Amino acid sequence: MNPDQIETAFQRLRDQEPEPTTELTYNTPFELLIAVILSAQATDVSVNQATSKLYPVANTPQGIIDLGVTKLKSHIKSIGLFNTKAENIIKTCGMLIDLHNGQVPQQRESLEALPGVGRKTANVILNTAFGHSTIAVDTHIFRVSNRTGIAPGKNVIEVEKRLIDRVPRKYQRHAHHWLILLGRYTCVARNPKCKQCLLSDICPSAFQLEAVSTAKSHRQKTTNKRSSSRSKSASTATKKISRNQQKRKSPTAE
């Protein structure tokens, strides 16, 4: 996309959802931090289900330290990699107490020093909890950025840098959420819903992806018909052989 098209794209996304936010449930920066750590390779729905039971019991660094790793694991065991995540959360809570007076820091370096927190998680916290114009790049945003041509790149760091460079500053505060929602519900990995997309008329991949999807569907139908035809032919041949065998076995009338 050229600069004018990028402006148009984000203007449309803003008009559709002026104040987008995360789908993770939280009330404090600490609750958001724990939810984002848990969300790695897990859905927001599964994380919300786990934290809805965890946070009434423990929703502060000291509270989770007091809960202990074993009980913490029991609250989050429905989430993938829960053993590793529980260990990281306990260590993170200890560091928050020892180094940051129990508060979530607002500096990238301090966030990324916490166990279980990488660049993407730090970007989410800085953006969603503290209002910084950071753009966390996950699989959805990576896919959308490359498909639409808004910020093509070979890896997440490259895409993130190009988003910061190409997205107009007035849209950067919410760019992360607009793109992740677009990728999660419209520009999905398989069979993207181009006809429903706000950007289909300016997206260079829209009609190509639609054509590929249609072609795959046609090929699959053709393959299914051929398989069905072969199955019917085989069934008919089997029946004929069976009838012939029965005739040969039948005694000849005298």
Cα gyration tensor shape for region 38-153, rounded if a/c is under 1.5, else prolate or oblate: oblate
Pairwise FRET efficiency - Asp44 versus Arg169, Cβ, R0 = 35 Å, nearest 0.05: 0.80
Charge dipole magnitude, Cβ of K and R +1, D and E -1 - region 21-129, Cα centre, debye nearest 20: 260
Approximate spin-label separation Gln103-Thr84, in nm, with each point projected 7 Å along Cα-to-Cβ: 3.2
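So, R0 is 35 Å and r is the distance between the beta-carbons of Val69 and Asn146; what FRET efficiency does that work out to, to 0.05?
Numbers: r = 39 Å, r/R0 = 1.12.
Between Val69 and Asn146 the formula returns 0.35.
If the chain between Asn59 and Glu17 were fully stretched, how many nm would it gain, using 0.36 nm times the residue separation less the Cα-Cα distance?
Details: separation 42, 0.36 × 42 = 15.12 nm, distance 2.98 nm.
Fully extending the segment from Asn59 to Glu17 adds 12.1 nm.
Any read-out appearing in this document is the output of simple, stated calculations on the displayed coordinates, not a laboratory observation. All values derive from a computational prediction rather than experimental measurement. Virtual Cβ from ideal backbone geometry, glycine too; neighbours counted across all protein chains shown.
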